[in-house]
Amino acid sequence: MARTPPGAGGGGGRAGVNGYDTRAAAEKRGASWLPGRPASRLASALTAAAALAAGCATSRPVPAPAPPPAVAVGWREEGLASWYGEPYHGRPTASGARYDMHEMTAAHRFLPFGTEVEVQHRQTGATVRVVINDRGPFVAGRILDLSRAAAQRLGALAHGVVPVRLSVLRLGDGMPTAPCWEVQVGAFAQEANVLRATERLEAAGYRVRLSPAGGGLTRVRATEIGDLAAAQRAVAHLAASFPGAVAVPCPSLAGGGS
C-alpha cells in the first residue's frame, strides 16, 4: 500500500501493519499469529501477545475468549477497529468469499458471516455499514478489522486503529448448511511452531492439514471435522490449547487456496 503510518508497516492487521505487531517480531518472542482468514491475521494461539503500533495501547496477553454472546438485531459492541488491505486483496476469506479491499466488508471474531453492522467512529461520529465475511482480529481490545474502503470512509486510514461502536442491523446465516468444516488453530512463520501445533492436534485425536498462507506463514487446521456443529464442538474442545481457534469452511467451499 502507498501509505505506511510511522511505526507501523503498511495497511492492516495481518502482517505487522496498521498497529499490529509484525509476524517476525511475534515469532522472535515465541508468539504466533492466527489468521482469521486465509493468509489472515489472528493473534497468538499458543502464547498470544501483540505489540500495538501507530498510537495503539501497550501490548498485553490475549485472554482465552469467553463463549460468544447471543446476538440479535440491535446488539452492540464497543472497542477498537483496525483495517487491512494488501497483500490480502483477492485472497479467500474465512467465509469463502474473495477479499476485495474496495468493498464494504469487515472481519469479526464470532458474528455470523453475512451479518450487516453499522460502525460508528466514537471520536468523530462518522458511520459506515459493512458486511461480516471474515474472522478476526484476535488482538486484545480489537473487535473489528475493516476493509480498506470501509476504513477510508470511516476516516481510519491514517490512524490505523480507532475507537468504534458497532450495531447489528441484520444477522447473516453464517453458512450453516455447508457440509464440510475445519478448525484453524493458527498460522505460523517458524517450522517449530507448526510442528508443535500439529503434535498437539494429533495428540488430541485430530487429523491435521497444513497449507501456505502467504508471507511465509503456514496454516495449521484440524480437518475432516464434519459439519458446522461438529466444528464448533471441536473449537470448544481445543480452546484451552488454542484460544483463538476458529471454525472455517473447507477449501473446496471457500473457492480453493485456503
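Which one of these does THR223 not meet: (1) in contact (Cβ under 8 Å) with a residue 40 or more places away in the chain; (2) surrounded by fewer than 17 Cβ atoms within 10 Å (Cβ to Cβ); (3) part of a strand (DSSP E or B)?
Of (1) in contact (Cβ under 8 Å) with a residue 40 or more places away in the chain; (2) surrounded by fewer than 17 Cβ atoms within 10 Å (Cβ to Cβ); (3) part of a strand (DSSP E or B), only one is false for THR223: (2).
Please pick out the residue among GLY160, GLY186, GLY172 that is part of a loop (DSSP other than H, G, I, E, B), modelled with pLDDT under 90 and either buried (at least 17 other Cβ atoms within 10 Å of the Cβ) or under 18 Å from the mean Cα position of the chain (by Cα) (or both). Let's see the steps before the verdict.
Numbers: GLY160 fails: modelled with pLDDT under 90; GLY186 fails: part of a loop (DSSP other than H, G, I, E, B).
Just one listed residue meets the conditions, GLY172.
Can you report the number of residues in segment 98-141 which are closer than 26 Å to ALA239 by Cα and touching a Phe, Trp or Tyr at 6+ places or on another chain (Cβ under 9 Å)?
12
Residue under question is ARG200, and the condition is that it be more than 15 Å from PRO249 (Cα to Cα), among the charged types (D, E, K, R) and under 17 Å from the mean Cα position of the chain (by Cα); does it hold? Talk me through it step by step, then tell me what you get.
Working: more than 15 Å from PRO249 (Cα to Cα): yes; among the charged types (D, E, K, R): yes; under 17 Å from the mean Cα position of the chain (by Cα): no.
Answer is no for this residue.
Among the residues of segment 76-96 satisfying the criterion of being surrounded by fewer than 24 Cβ atoms within 10 Å (Cβ to Cβ) and modelled with pLDDT of 95 or more, which is farthest from the chain's Cα centre (by Cα)?
ARG76
What is the one condition in (1) loosely packed, with under 14 Cβ neighbours inside 10 Å; (2) in contact with a strand residue (DSSP E or B) (Cβ under 6 Å, 6 or more places away or on another chain) that ALA229 does not satisfy?
It fails just one condition, (2).
For segment 189-219, name all the residues that are part of a loop (DSSP other than H, G, I, E, B), among the hydrophobic types (A, V, I, L, M, F, W, C) and either surrounded by 18 or more Cβ atoms within 10 Å (Cβ to Cβ) or touching a residue at least 60 places away in the same chain (Cβ under 8 Å) (or both). Full working, then the answer.
Residues of segment 189-219 part of a loop (DSSP other than H, G, I, E, B): 189-190, 204-206, 215-216.
Right, trim to among the hydrophobic types (A, V, I, L, M, F, W, C) and you get 189, 204.
Residue satisfying the conditions is ALA189 alone.
From the list GLY114, GLY85, which residue is closer than 28 Å to THR177 by Cβ, touching a Gly at 6+ places or on another chain (Cβ under 7 Å) and not hydroxyl-bearing (Ser, Thr, Tyr)? I'd like the intermediate steps shown before the answer.
Values: GLY85 fails: closer than 28 Å to THR177 by Cβ.
Among GLY114, GLY85, only GLY114 is closer than 28 Å to THR177 by Cβ, touching a Gly at 6+ places or on another chain (Cβ under 7 Å) and not hydroxyl-bearing (Ser, Thr, Tyr).
Within segment 97-125, take every residue that is touching a helix residue (DSSP H, G or I) at 6+ places or on another chain (Cβ under 8 Å) and crowded, with 18+ Cβ neighbours inside 10 Å and give me the one that is farthest from ALA245 (Cα to Cα).
HIS121
The values are calculated or read from the model by the stated rules, or taken from the named source; none is laboratory data. Owing to the predicted nature of the structure, the values given are computational and were not obtained by experimental measurement. Cβ coordinates were reconstructed from backbone atoms using ideal geometry, including for glycine residues, and neighbour counts include every protein chain displayed.
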